[in-house]
Each structure stands twice: as C-alpha cells, then as structure tokens.
Amino acid sequence: MSAQLDGRLHPLGVVVLLRRALGAGLLPLLVIVLSADTRVVAVLAVGLLAALAYALLAWSHFRYRVADGRLELRSGVVRRSVRTIPVERVRGIVVTAPFLHRLLGLVRVEIEAAAGGGDKAELSLPAVSAAQADGLRAAVLGAAPVAEHADRRVLFRATPGALALGGVTSLSYLLAPAAVIGVVFNLVDDLPGNLVERGGDVLVDRAPHDVLGVAVAIGAAAVLVLLVAAAGSLLVDWNFTVTDDGERLTAERGLLTRRVVVLERDRVRGVDVRDTLLRRPFRLVSVNALAAGLARRSGGTTLAPVLHRAAVHTLIRAVDAQAPDPLSPLTAHPAAARRRRLLRALPVPLALVVFAVVLVELWLIGAALLLTAAAILVALDRYRQLGHAFDGRRLAVRGGSLHRRWSEVDPRAPAAYELRSSPFQRRAGLCTLWLHFGQGAGSRRVLDLGEDQAASLLRVLDASLLEPLLAGDQIGRLRRSGARRAT
Amino acid sequence: MILRPPANQLDPRMRTYWLVEGLLATATAVAIVVAAAVVTAVAGATTAAWIVAVVGGAVVVALAVAAFVTPRLDYEYFRYEVMELGLYVARGWLRRRWQVVPHARVQTVDTTAGPLLRAFGLVAVEVTTASAAGGTSIPGLPPDVAGALLEELARRAGLEEGT
C-alpha cells in the first residue's frame, strides 16, 4: 500500500511568499514609505503590487504530491521546476516556525533527502499548516501522524537555569558579542564626518583613570558578556524538550523561531556525549544523536544542549535501551600511544623555549616553559582519555582532552571503514581506525589503536565483511589466543 | 601489517602517467620560481631575489626527485580487490590507508578520465557513498578492466543500469 497525498501551500502562505519576494528590500522600503513624498510612494505601491502578484502566482504554481512511492514538488513562476524523489530516499523532515510563520500559525517544512553522488537535495515547503506538515510526514515516512502531547513521554526538558549556565560556559555564545561589536564598528566606519572620532574623544575623556574605575568598567563589561551569552543560549534553546511517542523522538526548541525535529528511533545509529574545559567544573555535557539524514548544520540531532553528566545514561537508554554507559571503563590503548601524544605535542613549545633561551629574555623563557608544561599535561590527558569498548552490539570510543567526546556507534552503519597508519604509527605498532558515516553524521575514529587491538576489533565489528582482510598470520594468532582463552 | 594487501594492481602505465604528472608540476614550479626571481631582481631587491631563487630551487629539486621516486612506490602500494561483501582498496606508502566500502553502501560507480589519463588510454573508477569521506577511487585501469569492474560493483550494489 502506498500513501497518497496532494496539496498546496496554506492560503496564508501568500504572506510568507510576499515577504520572500520583497526579500532584503523590505526594511528600506518601509523607511522610504514613512518618509518620502506621494510620487515616490506611488512608484513603490506599484512595486508592491507587482510583488504581490508574483507571490500569488508563486502560490498558485506550488503543488506537492506523494504518489506511487514518489514525492513530487512543482514550483516556479518564470522557470517552472518539477522535482521528484523516491520516498525511500527521504531521510528526515524538519519543521520550523520562524517568527512570521508563528504569527500566521504556519510552519516551514524541509525535507532532507539522500541524493545520488552523496550531495544533498533539499526540498522545502515554505508555508503550510501544522496539520499539513503532519500529513506529509505520515505519507513520506509511512508513519502515523505524531500523537498528541498526552501520549508522549518527555525524555528531557532543559530548565532556563541550565540553559543560562550552558550559555555562559559555551565559547561560541561568549564570543558572540565580539562578532556583534565587529559589525557595529563596520557600520560606524561608514558614518559621515568625524562623528566617530568625536565620540571616541568623549569616551576617552569620561573613561575612568583610577584603578577602581578601570576595575569596575572591566567587571561591568564581563557581566555584560556573560548576560549576552546566557541570553543567546536561552533564545536558541528556550524550553528545549525531547519527547518520545514510542517510534519517534521529537525535539522542540527556540523562543522566537520554534524548531521541531522528528527523528525515527530506528534511524538513530549512535550518540555523542561532549564536554568542554569550561563546562567540566559544572559537570555539564551536551548529547547528540547520530542519525542518518539530519545534518549537524540544522542542529537537528541535539538530544540535550546541556545536561548533568549523571543524567546522560538515563537519557541515552531512553533512546536506545541497550546503549552502553558513558561512565563505564574502556580498553586503554598501548603505552606507545602516550609517547606518540607527547611527541606530537612537544616540538612547538620546545622550539619556543630554545628561541627564548637564544634571546635571553627571562619572561619569555618562563612563558615558554609554562606552555611546555601545559602541552605535556594536555598530551598525557589526551592519552588517558583514549579508549574503546565493544559490547557485541555498539562500539564506544572516547578521545580529546580540552574538548572530550565519547561516542557510541553501531559498527555496521558506516558507509565505509578505513584503517590509516603513518610512518611514526607503524614504528610504534599503532594505527587509527575510521568509521565514515553518511549524511552529515561525519566520521568517528579510534585513534592510536595497538595493531593487535585493531585486528581483534575488526574481527568482531563486522566479521563477514572485515575478517577476510586480515593477514593470515593475524587470523592464526587470533584463533590461537581465542583457543587459549577457551581452554 | 595486520591487513593483507588486496589482490589487484593498477595498469603498469600508471607509473609513467604519475611521472609525467610530476614532471608537469615541476615544470610549473620552475616557471613560477623563475618569474618571481626575475620580477624581484628587476625591482631592485637583490637579496630577496636570491632568497626566492634558493628556496624556490630547493622546492623544484624536491618536486623533481619526488616525480621520479614516488610513482614506483605509489604503484607498488596501490591495490584493490572486489570481495564478497565490499570493495577493498589499499593506497599510500608513507601514510598507508586501507579502505573498505560495503557493496550495500555504494551510491554511484562512475568511470572518468582527464585528458592526460585519456592520452595513456586509461580510465579511473570512482565510487561514492552517502559519506563524503567514505568514497574511494581507483585511478588508472584499461577501459575493458574498468568497464568490467564498474559492472560488477554496480551489480553487487544493486544499482540500476545507467546510474
């Protein structure tokens, strides 16, 4: 049985299309309308009518259809386009409600599909009702419409406090004010006259010159940065909620733009748990699902933007009942891996030390030595973090130091496997195993495995595919050690 | 190493192909270095011109040596094999890589040939998967071997004719 569906955009979608037709011209247009004389307004009115006509045409030409196992989208005013993709190529559907859409009670639907050649073809319905979005999801993903809130179990809900803490411990939110300041400076540079210089002089005159004043100014700036970071996180992830209706996970978030991502539970191929240096003192981590079809760009795979470490296992068990515990011990990698971490970390800081000694600058020597010590500590920690474990079903991998990542993945899901070894690794008897996942899920690597560890791992990850690659002596060795263990 | 090498090698003409490619790169480098040195010298910056000439000369010598040495190694270490469940490719002699692409994950199989490769009467086989990092290529085979390989990979991947 194949689902049938035939539809247009929601009638109010014309407003969205009109907004789109006007594009970036909307703001200047409003300014001119408010300030100019009647003739200019008349010209603009004609332009507006043309845009409205265009939007109406675009609306009337837009059709979507699901029939015979294909999704078909017809659109375009000047250049008509018909795009057709087989329903089984659809990897996911993302529903967003930008600000204007929320005013109109509409949503935007993006269909992420796997296209031949690995590039992604994206189809989107610019403005439909929530019911239409559900109907499309049901027809394309062959699933029942998303159940009412009552039947859904809440797996995770982020509290405002946690989100604020997540914001002030996230580098990208902390650095956001810098980007804003850059933009403002660029704008100010374009202002006429010496307004900026005069403003600058005034600021310098009024700036505090005593120690207390400077300290207060710096403190105020720091508080402002923290507030902006917290606000950014709250804005993006407001009321982040993951619910479960048995087959699907639904993640909703956002204050102004509400974003809804639906994830088929069967398509979850693993989970990433990350922590950073800033978040470690608070024992906070972020959790992402690895799912075929949802690119990281859309943030579509986030299960929890900030979460206490102790709660992670409960969350990922709710997604995958047999998921391994992120806190359970892993198999360490050989001591040669520690030497390799140190050898890779030291050349730059040591060169700086030599440089400083040559210059005979005492403070520079001190700084270079401090940097060397830090590099050694990070290298040792990088080694300590390295590890992997295979429980017969999922492969758990950990790596990193300042940014740590623990992943558990389905070892049969990758689009390709790869073993790499550099000359240094070969001399140390090490190699790196890569698992390349498709569709925006990226790659995961098991760094600096011992060669014998790699051989045993390949043999158990996917025996029928990977065992034929092993060199004869390896198979013999593994069989012998297996036999020894058995007796 | 823990993995056995795949069974098949590339066409032996690939050694000459890589040599020509390396020599072309060397010739381009020579042209750039000479032009840069002449321009700086004419501009009156004699010291800078010498530095450009010495550093550029070293780069050119390195490229020339690599052009003669690496094709043999690249050829020796590049192997491929169609296994029961996947395509197995080994490449690289300094940084060695062994790739396995399960047939079930292959999205497209194509043959391509640039002008230089065509001049040698060879074609390359490209395999793509859903992962950008998960594809592979076999850079030089005679057309009949490449055609047979393409057909076999497409058949095992369950791809329709012409995709």
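Values for this structure:
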item: In the range B:118-127, the residues that are surrounded by fewer than 23 Cβ atoms within 10 Å (Cβ to Cβ) and either among the acidic types (Asp, Glu) or closer than 22 Å to residue A:464 by Cα (or both); result: B:126
item: Residue tally, condition in a helix (DSSP H, G or I) and closer than 19 Å to residue A:424 by Cα, over the range A:306-344; result: 10
item: Residue, farthest from the other protein chains (Cβ to nearest Cβ), within the range A:409-452, restricted to residues that are among the aromatic types (Phe, Trp, Tyr) and closer than 24 Å to residue B:85 by Cα; result: A:434
item: Set B:104, B:113: member being among the small types (Gly, Ala, Ser) and more than 14 Å from chain A (Cβ to nearest Cβ); result: B:113
item: In the range A:150-170, residue nearest to the chain's Cα centre (by Cα) [restricted to those that are surrounded by fewer than 13 Cβ atoms within 10 Å (Cβ to Cβ) and in a helix (DSSP H, G or I)]; result: A:161
item: The range A:85-112, residues that are of a type outside the set (A, V, I, L, M, F, W, C) and modelled with pLDDT under 80; result: A:86, A:88, A:89, A:91, A:92, A:112
item: Selected residue (criterion: nearest to the chain's Cα centre (by Cα)) from residues of the range B:139-160 that are within 14 Å of chain A (Cβ to nearest Cβ) and of a type outside the set (Lys, Arg); result: B:153
item: Enumeration of residues in the range A:389-412 that are hydrophobic (A, V, I, L, M, F, W, C), crowded, with 16+ Cβ neighbours inside 10 Å and either within 18 Å of the chain's Cα centre (by Cα) or within 22 Å of residue A:376 (Cα to Cα) (or both); result: A:406, A:409
item: Only listed residue being more than 19 Å from residue A:447 (Cα to Cα), surrounded by fewer than 17 Cβ atoms within 10 Å (Cβ to Cβ) and not assigned by TED's automatic domain parsing to the domain that holds residue A:172, chosen from A:352, A:359, A:343; result: A:359
item: Hits in the range B:116-138 (condition: outside any strand (DSSP E or B) and within 14 Å of chain A (Cβ to nearest Cβ)); result: B:130, B:131, B:132, B:133, B:134, B:135
item: Residue A:325 being in contact (Cβ under 8 Å) with a residue 24 or more places away in the chain, among the charged types (D, E, K, R), in the same structural domain as residue A:264 (by TED's automatic domain parsing) and under 26 Å from residue A:447 (Cα atoms); result: no
item: Breaking point among (1) facing chain A (nearest Cβ under 10 Å); (2) closer than 21 Å to residue A:435 by Cβ, for residue B:91; result: (1)
item: Selected residue [over 16 Å from residue B:140 (Cα atoms) and either in contact with a Phe, Trp or Tyr (Cβ under 7 Å, 6 or more places away or on another chain) or in the same structural domain as residue B:109 (by TED's automatic domain parsing) (or both)] from B:10, B:23, B:3; result: B:3
item: Sole exception among (1) at pLDDT below 85; (2) over 30 Å from residue A:63 (Cα atoms) for residue A:170, by number; result: (1)
item: Residues located in the range B:7-31, provided they are in contact with a Leu (Cβ under 8 Å, 6 or more places away or on another chain), over 30 Å from residue B:83 (Cβ atoms) and of a type in the set (Ser, Thr, Tyr); result: B:26
item: Selection from the range A:413-435 of residues that are over 22 Å from the mean Cα position of the chain (by Cα), touching a residue at least 12 places away in the same chain (Cβ under 8 Å) and outside any strand (DSSP E or B); result: A:424, A:425, A:428, A:429
item: Meets criteria (surrounded by 15 or more Cβ atoms within 10 Å (Cβ to Cβ) and either modelled with pLDDT of 95 or more or assigned by TED's automatic domain parsing to the domain that holds residue A:428 (or both)) for residue A:380; result: yes
item: Matching residues in the range B:104-117 - criterion: being under 17 Å from the mean Cα position of the chain (by Cα) and either crowded, with 19+ Cβ neighbours inside 10 Å or closer than 20 Å to residue B:15 by Cα (or both); result: B:111, B:112, B:113, B:114, B:115, B:116, B:117
item: Matching option when the condition is at pLDDT 90 or above, more than 22 Å from residue A:379 (Cα to Cα) and of a type in the set (A, V, I, L, M, F, W, C), among A:315, A:303, A:359, A:330; result: A:315
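Per-residue answers, yes or no, for (1) in the same structural domain as residue B:15 (by TED's automatic domain parsing); (2) under 14 Å from the mean Cα position of the chain (by Cα):
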site	(1), (2)
B:46	yes, no
B:54	yes, no
B:70	yes, yes
B:101	no, no
B:119	no, no
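The values are calculated or read from the model by the stated rules, or taken from the named source; none is laboratory data. In this text the structure is predicted, and so the values were computed from the model without any measurement. Glycine also receives a Cβ, built like all others from the backbone with ideal geometry; neighbour counts cover every protein chain displayed.
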